[in-house]
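The values are calculated or read from the model by the stated rules, or taken from the named source; none is laboratory data. None of the values given here were measured: they were computed from a predicted structure. All Cβ positions, even for glycine, are placed from backbone atoms using ideal geometry, and neighbour counts span all protein chains on display. Side chains included, ligands, DNA and RNA excluded: accessible areas come from the protein's heavy atoms. Shrake-Rupley method; radii C 1.70, N 1.55, O 1.52, S 1.80 Å.
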Amino acid sequence: MSSGLPRPGVHFMMGNFACVEAAILAGCRFFAGYPITPSSEIFERACVRFPQVGGIAVEMEDEMASVAALIGAAYAGAKAMTATSGPGFSLMMENIGLAFIMEAPIVIVNVQRAGPSTGIPTLIGQGDVMQARWGSHGDIETVVYSPSSVQEFFDLTIKAFNTAERLRTPVIVLADQLVGLMWEKVVIPTAEDVEVVERKIMDPRLLSTRPPFDYSVDVNPMPIVGTGCRVNIDSLTHDERGYPTTSQEISDKMLRYLLGKIRNHARELWMYKEFMTDDAEVVVVAYGSTARSSLNAIKQARARGIKAGLLQLITLWPFPSDVIERLSQRVNALVVPEINFGQLVHPVREYAKCPVINVNWAPGSLIEPHVILDAVEVAAA
Amino acid sequence: MTQVVKAQRHPRDSLLRSERLPHIWCPGCGIGIVMAAYADAIEASGIPPEKHVCISGIGCTGRVSGYMRLDSFHTTHGRAIAFATGLSLVRPDLEVTVISGDGDICTIGGNHLIHAARRNVDINVIMVNNFNYGMTGGQHGGTTPLGAKTYTSPYGNFEAPFNMPYLVAAAGASFVARWTTLHVRQLINAIKRMMSVEGFAFIEVISPCPPTFGEFNNFPEAIDMMEYFRKYSVVDHNADLSKIDIRLQGEPLVVGNFVDRRRPSYQELVQETIRKASGRGESV
Ligand SMILES: Cc1ncc(C[n+]2csc(CCOP(=O)(O)OP(=O)(O)O)c2C)c(N)n1
Ligand code: SF4
Ligand SMILES: [Mg+2]
């Protein structure tokens, strides 16, 4: 009988499939979803693979229900995930806020597609960058990772679960149609070689001496149902006992604690890759699939004698402000290509100490390298 | 001489977060009766409190979970049933009860309700029907009777309401009942019964809301609505569910335990799928 775990070694695999295998290795055993292009392969493969490892994969009636079910599953002790794209991501916003205030470690994968509303379901876009950060009301923080290859999609899915568990907060993997549907080489490690963070669980005996929500600590352990904690978990602003309050003082404490979990750990969360930046005078700042055409563009620029480099941002939120600030002090210009009409360029501009040129490309296809190259040439001139 | 009398503890105190009293509900509100009935049913169920989970959405009724000394969750408006589905799939051994209002369960959350009933998710849902959105000050919703006056139906409600037991039974629930806050004993028994049903169990509890519904619909005091319940309620467990809609016009208010049937629960079927699949992971 097979363990059901993915076979270690080199595979040729679709990004959406790699995401599921990574989730299994990260310990995820609960998937609730609603089909949507171009993410459905994640859901479909979860329905095949999760039961093989004793996990649950179910179809809900919509994406609001999916995220609600994840939070319930998380409080029942499971690692839980869903996958979606644009319209579904919009429907998830309310309960992403719920996961944030309830401190539920869940993972949401968004395989971005093109355009607003129903847009172009089958084609690529990067229009959900701001929504992933600001889409849910009332001042929240999210952790958002953006893969540019199948291997990164695999690695970042594991990372997302580990971050969610460590900080007890929702984490978003912001992929895109190209990374999701592309087949590529991926190396799957053995289960023993995968670093898996396990959740800190509330010991009910401690609750006689400490409140369930101690806002002076870094991250509180999580009370799990059925263990005798009998704690109230509330969507309303709540005090250290978990009871609703309208006190501004407690509201301030609670929010600083919740936001602080991410803000105080920002530096550990930042992931990025640099290519040829050592002597670069112009650096392209890109993420997701756009990093691939950007790499090609800077190589072409080098061939033309321009000292160009690439900063690939993997963590989009919390925004790696220092990384931009540091880099921008030793280059002449930054070029920010995106498959949208200007999103991540805004925080780049906020922190950059040099001119920032945005390259915007209508959702629907990958940005062609020559378009980025043109901007690099203008920046270098 | 003054005598210090030690207040007696209520027998259900251990199930309530009594340190949170006084609660937020208005004088004459029926929600407290439902909460007390739930506590009595927990006691009578023989299932230890740490194995009960109480989940609510948003609204006056949504506050019940936070007053219960259980593993409790006060979620988002309409989403309690979806939340409960995820939770109970992972821990099918726990007794999961959703308590929330008519707006929450029937209107904004109506899609989750019918799908949970269709799937026969083994959870209990207690919907307190006060015919309006109490928390937000009295607007009409999916259960407001025709002609009723609310702040968003100032000339009389022109939308036909749902007949809830008919709807939920048609959707496939294993257990369906309707009682009023006057039928406390029957309500406790029905809640206790739903805790042993393996499948989706639903109770509609008709309840007074004097300030935001009663006031404008000839039930200004709680007693007026209770009097109506006394006068017009008819217990009929075998009622034709298609004929039990509520108009509040002096027609029979049919109550009872209407449906109690057995078919495989969602949790059982999900577990069966895992059994079918496990070991088949030759895979990738
Ligand atoms: C998404 C969303 N929309 C609207 C509201 C505002 N709201 C809070 S409670 C409520 C209605 C509650 O009515 P019901 O479920 O019948 O509960 P009751 O107060 O009558 O017990 C509404 C509309 C909200 N909290 N969330
Ligand atoms: S408004 Fe109505 S439902 Fe809300 S507490 Fe008052 S009486 Fe109860
Ligand atoms: Mg109501």
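The requirement of being open to solvent by 10 Å² or more (accessible area, probe 1.4 Å), in contact with a Cys (Cβ under 9 Å, 6 or more places away or on another chain) and aromatic (Phe, Trp, Tyr) is not satisfied by B:Phe158. Any residue at all in segment A:130-140 that is under 22 Å from A:Ala22 (Cα atoms) and outside the structural domain of A:Pro318 (by TED's automatic domain parsing)? Scanning segment A:130-140 turns up at least one residue that is under 22 Å from A:Ala22 (Cα atoms) and outside the structural domain of A:Pro318 (by TED's automatic domain parsing). Would segment B:161-174 turn up any residue that is away from every other protein chain (no Cβ under 14 Å), within 16 Å of ligand 2 (Cβ to nearest atom), within 26 Å of B:Tyr38 (Cα to Cα) and open to solvent by less than 50 Å² (accessible area, probe 1.4 Å)? Within segment B:161-174, not a single residue is away from every other protein chain (no Cβ under 14 Å), within 16 Å of ligand 2 (Cβ to nearest atom), within 26 Å of B:Tyr38 (Cα to Cα) and open to solvent by less than 50 Å² (accessible area, probe 1.4 Å). Among the residues of segment B:77-128, just one is polar (S, T, N, Q), surrounded by fewer than 24 Cβ atoms within 10 Å (Cβ to Cβ) and within 16 Å of ligand 2 (Cβ to nearest atom), namely B:Thr107. If you go through segment A:182-224 and pick out every residue that is farther than 28 Å from A:Ala22 by Cα and of a type in the set (A, V, I, L, M), you end up with 3.
With the requirement that a residue be more than 16 Å from ligand 2 (Cβ to nearest atom) and of a type outside the set (Asp, Glu), what does segment B:146-160 give you?
So in segment B:146-160, the residues more than 16 Å from ligand 2 (Cβ to nearest atom) come out as B:146-147, B:153-160.
If the condition is that a residue be more than 16 Å from ligand 2 (Cβ to nearest atom) and of a type outside the set (Asp, Glu), then B:Leu146, B:Gly147, B:Ser153, B:Pro154, B:Tyr155, B:Gly156, B:Asn157, B:Phe158, B:Ala160 are the ones that fit.
Apart from one condition, B:Asn129 fits all of (1) more than 10 Å from ligand 1 (Cβ to nearest atom); (2) more than 14 Å from chain A (Cβ to nearest Cβ); the exception is (1). Within segment A:130-159, the set of residues being over 10 Å from the mean Cα position of the chain (by Cα) and among the small types (Gly, Ala, Ser) comprises A:Gly135, A:Ser136, A:Gly138, A:Ser148, A:Ser149.
Say whether the condition of being of a type in the set (S, T, N, Q), facing chain A (nearest Cβ under 9 Å), over 20 Å from A:Met93 (Cβ atoms) and within 16 Å of ligand 3 (Cβ to nearest atom) is met by at least one residue in segment B:93-111.
Taking segment B:93-111 first, the residues of a type in the set (S, T, N, Q) are B:97, B:100, B:107, B:111.
With the extra rule that they be facing chain A (nearest Cβ under 9 Å), the set shrinks to B:111.
Keeping just the survivors that are over 20 Å from A:Met93 (Cβ atoms) gives none.
Checked segment B:93-111: no residue is of a type in the set (S, T, N, Q), facing chain A (nearest Cβ under 9 Å), over 20 Å from A:Met93 (Cβ atoms) and within 16 Å of ligand 3 (Cβ to nearest atom).
Sub-6 Å Cβ pairs linking a first residue in segment A:229-252 that is within 20 Å of A:Ala99 (Cβ to Cβ) and at the interface with another protein chain (Cβ under 9 Å from one of its Cβ atoms) to a second residue that is of a type in the set (Gly, Ala, Ser) and not in a loop (DSSP other than H, G, I, E, B), at least 6 apart or interchain, are A:Asn232/B:Gly66; A:Asn232/B:Ser72, ordered by first then second residue.
Only a single item in (1) touching a residue at least 60 places away in the same chain (Cβ under 8 Å); (2) more than 16 Å from ligand 2 (Cβ to nearest atom); (3) touching a Leu at 6+ places or on another chain (Cβ under 9 Å); (4) open to solvent by 10 Å² or more (accessible area, probe 1.4 Å) is not met by B:Ile58, and it is number (2).
Residues of segment A:25-45 being more than 14 Å from A:Ile106 (Cβ to Cβ), part of a helix (DSSP H, G or I), more than 12 Å from chain B (Cβ to nearest Cβ) and aliphatic (A, V, I, L, M), which ones? Within segment A:25-45, just A:Ile42 meets the criteria.
Here is a yes/no grid of residues against (1) of a type in the set (Ser, Thr, Tyr); (2) over 18 Å from A:Arg230 (Cβ atoms); (3) within 11 Å of chain A (Cβ to nearest Cβ); (4) more than 16 Å from ligand 1 (Cβ to nearest atom):
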position	(1), (2), (3), (4)
B:Ala44	no, yes, no, yes
B:Ser56	yes, no, yes, no
B:Arg79	no, yes, yes, no
B:Phe83	no, no, yes, no
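Filtering segment B:14-42 to residues that are surrounded by 15 or more Cβ atoms within 10 Å (Cβ to Cβ), part of a helix (DSSP H, G or I) and not β-branched (Val, Ile, Thr) leaves B:Leu15, B:Arg20, B:Gly32, B:Met35, B:Ala36, B:Ala37, B:Tyr38, B:Ala39, B:Asp40, B:Ala41.
Restricting attention to segment B:238-248, does a residue exist that is modelled with pLDDT of 95 or more, over 23 Å from B:Ala117 (Cα atoms) and open to solvent by less than 60 Å² (accessible area, probe 1.4 Å)? Reasoning before the result, please.
Pass one, segment B:238-248, residues modelled with pLDDT of 95 or more: B:238-248.
Now drop any that are not over 23 Å from B:Ala117 (Cα atoms), which leaves B:247-248.
In the following step, the residues that additionally are open to solvent by less than 60 Å² (accessible area, probe 1.4 Å) were identified as B:248.
Checking segment B:238-248: at least one residue is modelled with pLDDT of 95 or more, over 23 Å from B:Ala117 (Cα atoms) and open to solvent by less than 60 Å² (accessible area, probe 1.4 Å).
Is it true that B:Glu50 is under 20 Å from A:Ala74 (Cβ atoms) and either touching a residue at least 12 places away in the same chain (Cβ under 8 Å) or more than 11 Å from chain A (Cβ to nearest Cβ) (or both)? Give the derivation first.
On the way: under 20 Å from A:Ala74 (Cβ atoms): yes; either touching a residue at least 12 places away in the same chain (Cβ under 8 Å) or more than 11 Å from chain A (Cβ to nearest Cβ) (or both): yes.
Criteria met by B:Glu50.
Which of the residues belonging to segment A:46-65 are over 14 Å from A:Gly4 (Cβ atoms) and more than 8 Å from chain B (Cβ to nearest Cβ)? Listed by number, the residues that qualify are A:Glu59, A:Glu63. Within segment B:168-196, residues that are more than 15 Å from B:Ile206 (Cβ to Cβ) reach partners that are at pLDDT 95 or above and of a type in the set (Lys, Arg) with beta carbons closer than 6 Å, at six or more positions or on different chains, in the pairs B:Ala171/B:Arg118; B:Gly172/B:Arg118; B:Ser174/B:Arg261. Filter segment A:26-35 down to residues that are open to solvent by 20 Å² or more (accessible area, probe 1.4 Å) and in contact with a strand residue (DSSP E or B) (Cβ under 9 Å, 6 or more places away or on another chain) and give me whichever is farthest from B:Val270 (Cα to Cα). The extreme case among them is A:Pro35. Candidates in segment A:45-73 are the residues that are crowded, with 24+ Cβ neighbours inside 10 Å and in contact (Cβ under 8 Å) with a residue 40 or more places away in the chain; of these, the one that is nearest to ligand 1 (Cβ to nearest atom) is A:Val67. As a summary of the residue check, A:Met92 satisfies the conditions (1) open to solvent by less than 10 Å² (accessible area, probe 1.4 Å); (2) within 12 Å of chain B (Cβ to nearest Cβ); (3) farther than 23 Å from A:Ile339 by Cα except for the one numbered (3). Within segment B:135-157, the residues that satisfy the criterion of being within 11 Å of ligand 3 (Cβ to nearest atom) and either among the basic types (Lys, Arg) or touching a strand residue (DSSP E or B) at 6+ places or on another chain (Cβ under 6 Å) (or both) are B:Gly138, B:Gln139, B:His140, B:Gly141, B:Thr143, B:Thr150.
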